[in-house]
Amino acid sequence: MKFPDLAYINWAKSLPRVDVNLARSGIDHCPASLLKLRPADLVATLPVKYGYAPLGEAIAARYGVAAPQVFALSGGTSFANWVACAAVLDGFSHGAEVIVERPAYEPLLRIPQALGHRVRRLDRRFEDDYAIDLDRFASLVTTRTRLAIVSNLHNPSGARIPMPTLRAMASLLARVKACLLVDEVYLECVFRNRPESSVHAGPNVLTTSSLTKAYGLDGLRAGWMLGPPALIARAGRINDLMTNNSVAAGERMALAAFRHQRDIDRRAHAILDPNLVRVRTFLAGEPRLRAFVPAGGTVVFPRLPSRIDGDRLVKPLAARHSTLAVPGRFFESPRHIRIGFGCRPALLARGLANISRALDELS
């Protein structure tokens, strides 16, 4: 096993302080007051076996699954993805095949590589609005395929995979006894009530998520997996080698977030709904950017003019206009930038105007 450096994570942890940060991909931080915490929630220990049972039950109720299909763990979606991959690929020799979407959030690509497996790429094309081409996907599935990994909503584009497509993917994988892993940490941004989790696409589907993006509670690092009970149990045993149990106070705070989910959701949509309209208006009036505009979520991934790559725009954008966006090279798409719109509307308006100004200076 060889652990690679993650270029995007390294970059994100070394960003300068700026006035407008459109590099963040989550909702502005949720005020703790919305959790309505009680003194009894601030605990140093809990009765935990494989997950804190009340939290697991709350997650199960939220996504319409049984409690044995849930494993809640600290470390957010990123760690949940690691444990999920390890659970599926455990016992298979190096060289098993894993299909990973492209463009991809870098850890989704590096985890199976670090575990020593061969990665094959599923292109999600700008020209197709980043939709999954099922024929292309089917051509990648072989008898050596053990796992396919996608994000839904897609990171970086925000595109949503329809449930019929997910079911078809799961069915193709089931023929070779493989699994589908769906990172759906952004999916909840599009729902107001009960979400339609990708886990319902088939009995060989696992999903991961957390309280980071749609809830604005990234500091809790509260994540979870949903999936077949046998794989969920295996994930718990693998976690015994790593963190064993989660942070007690964090699990109680996560439970409070589920109890007050409606209030948190209302706050999120009060930010996201007008911001998405502003992003659509901006892109419609900025002819130098071409973009698929998602129906929801927190990010958009516009393409720049042919003579400009993401770094060439992002560097002066930060230096001259105190505004951050993510260069597309971190998502294998150098001519793009990722723009997050989960911030306060006034900051978003300022940041989008600064992008146009930086483009003017490069003309």
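The values are calculated or read from the model by the stated rules, or taken from the named source; none is laboratory data. On a predicted model such as this, the values are computed, not experimentally measured, just so you know. Using ideal geometry, Cβ is built from the backbone for each residue, glycine included, and neighbour counts are taken over all protein chains shown. SASA here: full protein model, heavy atoms, side chains in, ligands and nucleic acids out. Shrake-Rupley method; radii C 1.70, N 1.55, O 1.52, S 1.80 Å.
Cα centroids of region 1-61 and region 192-267: 10 Å apart. Placing a pseudo-label 7 Å from each Cα along the Cα-to-Cβ vector at residue 33 and residue 102 gives an inter-label distance of 4.9 nm.
Across region 1-111, the mean sequence separation of Cα contacts (distance under 8 Å, 6 or more residues apart), normalised by length, yields a relative contact order of 27 percent. Determine the shape class of region 7-94: with a ≥ b ≥ c the square roots of the Cα gyration tensor eigenvalues, call it rounded for a/c under 1.5, and otherwise prolate if a/b is greater than b/c, oblate otherwise. Oblate, since a/c reaches 1.5 and b/c is not below a/b.
Rounded, prolate or oblate: which one fits region 223-363, using the alpha carbon gyration tensor with axes a ≥ b ≥ c (rounded when a/c is under 1.5, else prolate when a/b beats b/c, else oblate)? In terms of gyration-tensor shape, prolate. Here each label is just a point 7 Å from Cα along the line to Cβ, and for residue 11 and residue 273 those points are 3.4 nm apart. Sorting the Cα pairs of region 222-262 by distance into bins of 5 Å, from 0 upward, gives 6, 19, 21, 23, 19, 10, 2, 0 percent per bin.
For the chain, the fraction of 1.4 Å probe accessible surface lying on carbon and sulfur atoms is 54 percent. Here residue 114 and residue 233 are evaluated by their C-beta separation; at R0 = 22 Å the FRET efficiency comes out at 0.40. Protein heavy-atom accessible surface, 1.4 Å probe, per residue over region 1-154: 46 Å². When the square roots of the Cα gyration tensor eigenvalues are ordered a ≥ b ≥ c, the ratio a/c for region 138-292 is 1.5 or more and a/b does not exceed b/c, which makes its shape oblate. Simple rule: put +1 on each Lys or Arg Cβ and -1 on each Asp or Glu Cβ in region 216-363, find the dipole, and look at 295, 363, 243; the Cα lying farthest toward the positive end is 363.
For the chain, the number of Lys pairs separated by eight or more positions or lying on different chains, with C-alpha atoms closer than 24 Å, is 4. Its convex hull of Cα atoms gives region 62-198 a direction-averaged projected area, equal to a quarter of the hull surface, of 8.4 nm².
Which value, in debye to the nearest 20, gives the size of the charge dipole of the chain about its Cα centre, when Lys and Arg are +1 and Asp and Glu are -1 at the Cβ? Once rounded to the nearest 20, the dipole reads 200 debye.
Under the simplified labelling scheme, the residue 41-residue 138 pair shows an inter-label distance of 4.9 nm, with each label point 7 Å from Cα along Cα→Cβ.
Between the entries (i) 5, 25, 33, 25, 10, 1, 0; (ii) 5, 22, 28, 21, 13, 6, 3, 1, 0; (iii) 5, 17, 27, 26, 16, 7, 2, 0, the label attached to P(r) over Cα pairs in 10 Å bins from 0, in percent calculated for this structure is (i).
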